1. What single numbered condition from (1) modelled with pLDDT of 95 or more; (2) in contact with a strand residue (DSSP E or B) (Cβ under 9 Å, 6 or more places away or on another chain); (3) within 11 Å of the ligand (Cβ to nearest atom) fails to hold for Val137?
2. Among the listed residues Ser207, Ser236, Ser225, which satisfies the condition of being within 25 Å of the chain's Cα centre (by Cα), in a helix (DSSP H, G or I) and either farther than 22 Å from Leu113 by Cβ or among the hydroxyl-bearing types (Ser, Thr, Tyr) (or both)?
3. Would you check if Val272 is open to solvent by 10 Å² or more (accessible area, probe 1.4 Å) and aliphatic (A, V, I, L, M)?
4. Give the residues of the stretch 165-175 that are in contact (Cβ under 8 Å) with a residue 12 or more places away in the chain and surrounded by 13 or more Cβ atoms within 10 Å (Cβ to Cβ), sorted by residue number.
5. Kindly establish whether Glu194 is more than 18 Å from Leu125 (Cβ to Cβ), within 16 Å of the ligand (Cβ to nearest atom) and among the acidic types (Asp, Glu).
6. Those residues that are of a type in the set (D, E, K, R) and within 13 Å of Phe182 (Cα to Cα), I need them from the stretch 102-155; list them, please.
7. Which residue is most open to solvent (accessible area, probe 1.4 Å), if the candidates are limited to the stretch 325-337 and must be part of a loop (DSSP other than H, G, I, E, B) and not charged (D, E, K, R)?
8. For Arg152, which of the numbered conditions (1) surrounded by fewer than 17 Cβ atoms within 10 Å (Cβ to Cβ); (2) at pLDDT 95 or above; (3) within 26 Å of the chain's Cα centre (by Cα) fails to hold?
Amino acid sequence: EHVNAESKQSEESLRSPICCIMGHVDAGKTKLLDRIRGTNVQEGEAGGITQQVGATFFPAENIRERAKEINVDIAKLKVPGLLVIDTPGHEAFTNMRSRGSGLCDIAILVVDLMHGLERQTIESLNLLKSRNTDFIVALNKVDRLYGWKTCRNTRFKEALERQAKDVKNEFYMRLNQVITQFKEQGLNTDLYYEGNMRERYNIVPTSAITGEGIPELLWLLLQWSQKTMVEKLTYSDQVQCNVLEVKVVEGLGKTIDVVLVNGVLHEGDQIVVCGNEEPIVTTIRSLLTPHPMKELRVKGTYLHHKEIKAAQFVKITAQGLEHAIAGTSLYVVRPQDDLEGIKEAAMQDVKSVTSRIDKS
Ligand code: GDP
């Protein structure tokens with residue numbers, strides 16, 4: 001069976017990888033995502049939009065197009081897409097960051113080149129370490145180096161070659177400081193194009209404003225997906241689904257935003273979610289996602305789905321979600337399942353969530 005395992009893998013049998021974007025507040029997470037997506041959430045967010053969890057789904061087709069632009073052959077990309085979760089950097093969201101990072105297969109850790117490792121960078125690092133999650137460092141804001149000559153959307157290595165000597169020197173000085181700071185955290189890091197990239201965590205210098213390094217960031221994400229997909233990303237019918245947020249949406253009432261890590265959800269599925277005092281047993285009224293390449297939090301219409309396959313970020317509407325608790329698992333009840341057992345399992349989650357809240 002194993003001999004053929006790889007050739008049998010197709011977009012049907014693999015789920016999309018989940019990528020989390022983390023880092024200190026203001027390091028440039030939102031802006032980087034905007035740059036990758038080609039949208040502009042960051043500038044329209046005066047109303048506190050960063051204080052929500054966002055997610056973007058990049059369909060495989062779209063990634064293929066982007067890869068062509070950067071001359072990378074990803075004909076072999078066999079995942080249906082890439083799901084990127086963006087957790088807020090603000091103090092109050094430690095729990096949400098913890099929830100988000102727990103679900104991801106890989107992370108982008110954004111570090112501001114001018115500031116080095118900051119408190120929430122280290123907090124994010126610790127979350128990633130504790131879960132053994134692989135990550136890529138985006139060393140962002142290279143355009144802020146004094147005298148930097150803009151090379152739009154160019155590979156970083158080429159852009160650096162075109163800089164004056166003292167710009168290069170300042171870059172290497174700051175890079176080395178960051179590498180030393182990572183060492184102090186017990187982690188080996190280096191520029192992605194130096195030495196053996198498999199033996200450490202890779203640093204990609206980027207600018208979310210002028211686009212240097214963005215091609216490589218995408219390329220590294222894809223490389224990683226290709227490498228690990230067969231072992232980690234096998235699609236399973238067993239639903240694995242987590243509630244990230246519970247919120248009221250005008251016209252929809254109380255909704256839950258969930259990350260479907262594996263399996264499939266259908267409209268009309270009976271589900272069990274952990275509630276304040278008792279388990280909530282209800283039926284999925286609608287499964288909603290933003291339009292591809294757009295953000296759930298950008299105001300706009302939702303796409304309705306009869307069914308959704310992992311991995312996806314989904315907004316669920318259903319009756320009785322008033323007391324649902326974020327950070328818990330969502331269970332689907334199939335006809336053969338033992339409802340009482342599932343209700344008990346759902347309520348077990350509340351204990352782990354509350355103990356995490358107590359600790360932070
Ligand atoms: P977040 O809190 O990590 O999501 O950070 P934002 O994406 O909101 O960025 C914080 C600030 O830094 C904003 O004013 C951005 O315009 C700015 N910024 C982000 N990335 C870059 C970059 O690569 N270069 C420069 N010069 N500014 C950036």
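The values are calculated or read from the model by the stated rules, or taken from the named source; none is laboratory data. Keep in mind that what you see is a predicted model, and the values were worked out from it rather than measured. Note that we place each Cβ from the backbone using ideal geometry, even for glycine, and neighbour counts take in every protein chain shown. Protein only, heavy atoms only, side chains kept; ligands, DNA and RNA dropped before computing areas. Shrake-Rupley method; radii C 1.70, N 1.55, O 1.52, S 1.80 Å.
1. (3)
2. None of the others qualify; the one that does is Ser225.
3. Against the criterion (open to solvent by 10 Å² or more (accessible area, probe 1.4 Å) and aliphatic (A, V, I, L, M)), Val272 does not qualify.
4. Matches in the stretch 165-175: Val167, Glu170, Phe171, Arg174, Leu175.
5. no
6. Residues satisfying the conditions are Glu118, Arg119, Glu123, Lys129.
7. Out of the qualifying residues, it is Gln336.
8. Failed condition: (2).
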